[in-house]
Amino acid sequence: QIITSGRGLFPEELVDEFKHCLDQVPPDSFENVRRIVEEEIGGSIESVFDYFDPECLAAASIAQVHAARLKTGEDVVVKVQRQGMEKLMRQDMGNMLFFASFVHRLGFDLKIDQVSILREYQAQVPLEFDFVREARLIETVGSSIRRDPANALVEVPEVMPALSSETVLTMSF
């Protein structure tokens, strides 16, 4: 993710090669998704949802998203964090920073300060795993957008706080 978003920061060949990693993430099993969601909402999926699609709409490195319908009839999406990914991401960030520091100490001129960039990523990436923070940001941005009549056609999802947690984020579809 870091390398593919760093066009101009990393060699083009590397960026192009790593792009394949972004759109070919296999989904986690529905059994894992069910277990995580039920632990976080404190009940069975069937007690809260009329429908919960076992096939995800999208899968990425941090989480995957499922379509669902609440017992109230409202269509929602449920973003479910992949277990173990935060630890893996922190290890990967540490490894990349170690490698960048090593290359820097060897005196290779990479035209950019990769060590500083990776240190900033190392500080920011863990924030992607905080769905409570993400929910707060969705609400803040949504409130700001809704306040301006010029944005009348812009839709921002509504977060369902009772069905959201650090690792599960439920919002209107």
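The values are calculated or read from the model by the stated rules, or taken from the named source; none is laboratory data. Remember, it's a predicted structure, so these values are computed and weren't measured experimentally. Virtual Cβ from ideal backbone geometry, glycine too; neighbours counted across all protein chains shown. Heads up: the accessible areas ignore ligands, DNA and RNA and are worked out on the full protein's heavy atoms, side chains in. Shrake-Rupley method; radii C 1.70, N 1.55, O 1.52, S 1.80 Å.
Here's the picture: charge each Lys and Arg Cβ at +1 and each Asp and Glu Cβ at -1 in segment 51-129, and of 64, 51, 126 the one pushed furthest to the positive end of that dipole is 126.
Let me know the number of lysine pairs in the chain closer than 25 Å at the Cα, not counting same-chain pairs under 8 apart.
Count of close lysine pairs: 5.
Estimated from helical segments only, the mean residue ellipticity of the chain at 222 nm is -14000 deg cm²/dmol, where each DSSP H run of four or more residues counts as -39500 (n - 2.57). Between residue 30 and residue 67, full extension at 0.36 nm per residue minus the direct alpha carbon distance yields a gain of 12.1 nm.
Principal-axis analysis of the Cα atoms of the chain puts helix 114-124 at an angle of about 20° to the longest axis. Of interest is the spacing of the C-alpha centroids, which for segment 66-88 and segment 139-157 amounts to 23 Å.
Counting only DSSP beta bridges with both residues in the chain, what percent are antiparallel, rounded to the nearest 5?
Roughly 95 percent of the DSSP beta bridges within the chain come out antiparallel.
In the full protein context, segment 29-163 carries 62 Å² of accessible surface per residue, based on a 1.4 Å probe and ignoring ligands, DNA and RNA. Each label point was placed 7 Å from the Cα along the Cα-to-Cβ direction; for residue 16 and residue 141 their separation is 3.1 nm.
Rg and Dmax of the chain, based on Cα coordinates, read 19.3, 62 Å.
Share of the chain's accessible area from carbon and sulfur, percent, 1.4 Å? With neighbouring chains kept in place, the figure for the chain is 57 percent. Rounded to the nearest Hz, the phi-derived 3J(HN,Hα) couplings of segment 100-106 under the Karplus curve 6.51 cos²θ - 1.76 cosθ + 1.60 (θ = phi - 60°) are 4, 5, 4, 4, 4, 5, 6, where x marks glycine and proline. Given +1 at the Cβ of Lys and Arg, -1 at the Cβ of Asp and Glu and no other charges, the dipole of the chain around its Cα centre is 480 debye to the nearest 20.
Here the extension length gained between residue 113 and residue 83 equals 7.6 nm, from 0.36 nm per residue of separation less the Cα-Cα distance.
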